C-alpha cells in the first residue's frame, strides 16, 4: 500500500512492518496501547520520562506519589512500571513488591541516582526487569522499555512475531479455561495438529480459522486479538 505524507516519494509499507523511503528499507516495531506507569517523587523527571514515552508511541501516566500509583494500578491494567528507587513516601523495593502483588505480570524498571550492587541484586530478586542509572539518556530509557516489551511479547517486528503472539494468546486463553486441544478441535472443526501449529506460531492462521478458534473459546474475534 502507498501512504503519502507530502513527501516527494510515497512511503511503501509491507504488512505495516517494513517501510521503504528513498530506496532505504527500515524495520518498524509495531506496538499498540502499551500502558506505562511512571513513578518518581521528582515531578520534572516524571514529566520528562512520560513525554519521551509518549513520543515513542507508548501510553504513559505519571505519579509523584507512589501511593497514588498503587491506587491507579489497582483499577487500571498496566504492562510496565518505571519507578524511582528512593522516594520519601516509599522506597522502590517496597513499591515493586506492592505492584507485583497487584499484578505479577507487571514488568518493573527501576531508576536510581544511587547505584549499588546490593540494592540492584535485591531489586532483581523481587522481579525487577531492568535497572537504569540516573541521569540517563533518552536512548537508554527507550532501550530498557523496548527490552521489557519484547520480554512480555508486546512488540512485533515481522509476521513470524505476530504469529507467535497470536499463538501465545490462544494458548493462554485455552489453558485459562482448562480446555484441551482436542476439545477446541471438536468445537472448531480444526485438527489438533493445525491448532498446535497455530499455538506455536509456526503457521499463520487465516481470519476464518481464527474466528472458529475464538468461537470455540467463547470469545469474539476482536476480543481475542485485542491489542495486537
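In the range 138-159, the qualifying residues are those that are in contact with a helix residue (DSSP H, G or I) (Cβ under 9 Å, 6 or more places away or on another chain) and at pLDDT 85 or above, and the one that is surrounded by the fewest Cβ atoms within 10 Å (Cβ to Cβ) is 138.
For residue 165, the requirement of being in contact with a helix residue (DSSP H, G or I) (Cβ under 6 Å, 6 or more places away or on another chain), assigned to a helix (DSSP H, G or I) and more than 26 Å from residue 40 (Cα to Cα) is not met. Residue 194 falls short on exactly one of the conditions (1) part of a loop (DSSP other than H, G, I, E, B); (2) at pLDDT 90 or above, and that condition is (1).
Yes or no: residue 36 within 24 Å of residue 141 (Cα to Cα), touching a helix residue (DSSP H, G or I) at 6+ places or on another chain (Cβ under 6 Å), at pLDDT 95 or above and surrounded by 14 or more Cβ atoms within 10 Å (Cβ to Cβ)?
It is true that residue 36 is within 24 Å of residue 141 (Cα to Cα), touching a helix residue (DSSP H, G or I) at 6+ places or on another chain (Cβ under 6 Å), at pLDDT 95 or above and surrounded by 14 or more Cβ atoms within 10 Å (Cβ to Cβ).
Taking (1) surrounded by 18 or more Cβ atoms within 10 Å (Cβ to Cβ); (2) touching a residue at least 12 places away in the same chain (Cβ under 8 Å); (3) under 16 Å from residue 163 (Cα atoms) in turn, residue 217 satisfies each apart from (3).
Looking across the range 178-204, the residues that are closer than 22 Å to residue 152 by Cα and surrounded by 13 or more Cβ atoms within 10 Å (Cβ to Cβ) come down to 196, 197, 198, 199, 200, 201, 203, 204. Condition first: without any contact (Cβ under 8 Å) to a residue 12 or more places away in the chain and under 13 Å from the mean Cα position of the chain (by Cα). Can you find one or more residues in the range 144-159 that meet it? Yes, some residue in the range 144-159 is without any contact (Cβ under 8 Å) to a residue 12 or more places away in the chain and under 13 Å from the mean Cα position of the chain (by Cα). Among residues belonging to the range 97-123 that are touching a strand residue (DSSP E or B) at 6+ places or on another chain (Cβ under 7 Å), assigned to a helix (DSSP H, G or I) and over 16 Å from residue 79 (Cβ atoms), point out the one that is modelled with the highest pLDDT. It comes out as 123. Quick check on residue 83: is it surrounded by 18 or more Cβ atoms within 10 Å (Cβ to Cβ), under 25 Å from residue 97 (Cα atoms) and modelled with pLDDT under 95? Judged against the criteria, residue 83 is a match.
The values are calculated or read from the model by the stated rules, or taken from the named source; none is laboratory data. The model shown is predicted, which means the values in this text are computed figures rather than measured ones. Don't worry about glycine lacking a Cβ; one is built from the backbone with ideal geometry, like all the others, and counts go over all protein chains shown.
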